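Colleague: Provided herewith is a single structure, encoded as structure tokens, for subsequent inquiry.
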Amino acid sequence: MIILGLDPSLTCTGWGVIRLEGSRLSHIANGQISTSTKAPMADRLARLHAGIAEVIAQQRPDRAACEEVFVNDNPQSTLKLAQSRGAVLAACGAAGLRVNEHAARLVKKAVVGTGGADKMQVAAMVKVLLPGVTIAGSDAADALAAAIADAHLAPRAGCKVE
């Protein structure tokens, strides 16, 4: 089973691909897709969509995992996050890829052991769970964490795990 983890953001979307064999996890690839803050919104969203579509075509995952949307104190930030998620999830949908969504606190708890973990703790634990991995950045670490959490949570959460 190959799982694509996603950490959508308008500025920098992280992605990570892992293999699940029984209860064993292994790293396949990870990266980040950045957009220019000076580019028009439509161009930025198109870049995210195309970038994730390319990852899907190259890595051929069986399913994807993403954190559920959360509301920021800043409504403008929430709107930008929702738009970037839409572009990324649309790329998954266009490829016929099912996406399991998990609460951010649940992803952190599954990977680190506490739902209040910060980005550095998540990245450190991803390196423990995927020995030898070189992580492209904090957004890629969060995407790998989403994939790892999905490997553990999907069967228990009633998600289809084909």
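Read-outs: derived from the displayed coordinates by stated rules, not from any lab. These numbers come from a predicted model, not from an experiment. Glycine gets a Cβ as well: all are built from the backbone with ideal geometry, and neighbour counts include every protein chain shown.
Colleague: When PRO131 is evaluated against the numbered criteria (1) in a helix (DSSP H, G or I); (2) over 15 Å from the mean Cα position of the chain (by Cα); (3) farther than 14 Å from VAL17 by Cβ, which criterion, by number, is the only one it fails?
Modeller: (1)
Colleague: Can you pull out the residues in segment 70-88 that are more than 21 Å from HIS152 (Cβ to Cβ) and outside any helix (DSSP H, G or I)? Step through it out loud before you land on a result.
Modeller: Here is the first cut: in segment 70-88, the ones more than 21 Å from HIS152 (Cβ to Cβ) are 71-88.
Hits for segment 70-88 are VAL71, ASN72, ASP73, ASN74.
Colleague: Is it fair to say LYS119 is basic (Lys, Arg) and touching an Asp or Glu at 6+ places or on another chain (Cβ under 8 Å)?
Modeller: Working: basic (Lys, Arg): yes; touching an Asp or Glu at 6+ places or on another chain (Cβ under 8 Å): yes.
Taking the combined requirement at face value, the residue satisfies it.
Colleague: Of these, ASN100, ASN30, which one is touching an Asp or Glu at 6+ places or on another chain (Cβ under 8 Å) and in contact (Cβ under 8 Å) with a residue 40 or more places away in the chain? Don't jump to the end; show me each part of the working.
Modeller: Details: ASN30 fails: touching an Asp or Glu at 6+ places or on another chain (Cβ under 8 Å).
Residue meeting the stated conditions: ASN100.
For (1) touching a residue at least 24 places away in the same chain (Cβ under 8 Å); (2) over 14 Å from ALA143 (Cα atoms); (3) surrounded by 13 or more Cβ atoms within 10 Å (Cβ to Cβ), each residue gets a yes or a no:
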residue: ILE3; (1), (2), (3): yes, no, yes
residue: SER9; (1), (2), (3): yes, no, yes
residue: VAL17; (1), (2), (3): yes, no, yes
residue: MET41; (1), (2), (3): yes, yes, no
residue: ILE52; (1), (2), (3): yes, no, yes
residue: GLN59; (1), (2), (3): yes, yes, yes
residue: ALA64; (1), (2), (3): yes, no, yes
residue: PRO75; (1), (2), (3): no, yes, no
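Colleague: Considering only segment 80-103, I want to know if a residue exists there that is within 24 Å of THR37 (Cβ to Cβ) and loosely packed, with under 13 Cβ neighbours inside 10 Å. It would help to see each step written out before you state the result.
Modeller: Let us first name the residues in segment 80-103 that are within 24 Å of THR37 (Cβ to Cβ), namely 80-91.
From what's left, loosely packed, with under 13 Cβ neighbours inside 10 Å: none.
Checking segment 80-103: not a single residue is within 24 Å of THR37 (Cβ to Cβ) and loosely packed, with under 13 Cβ neighbours inside 10 Å.
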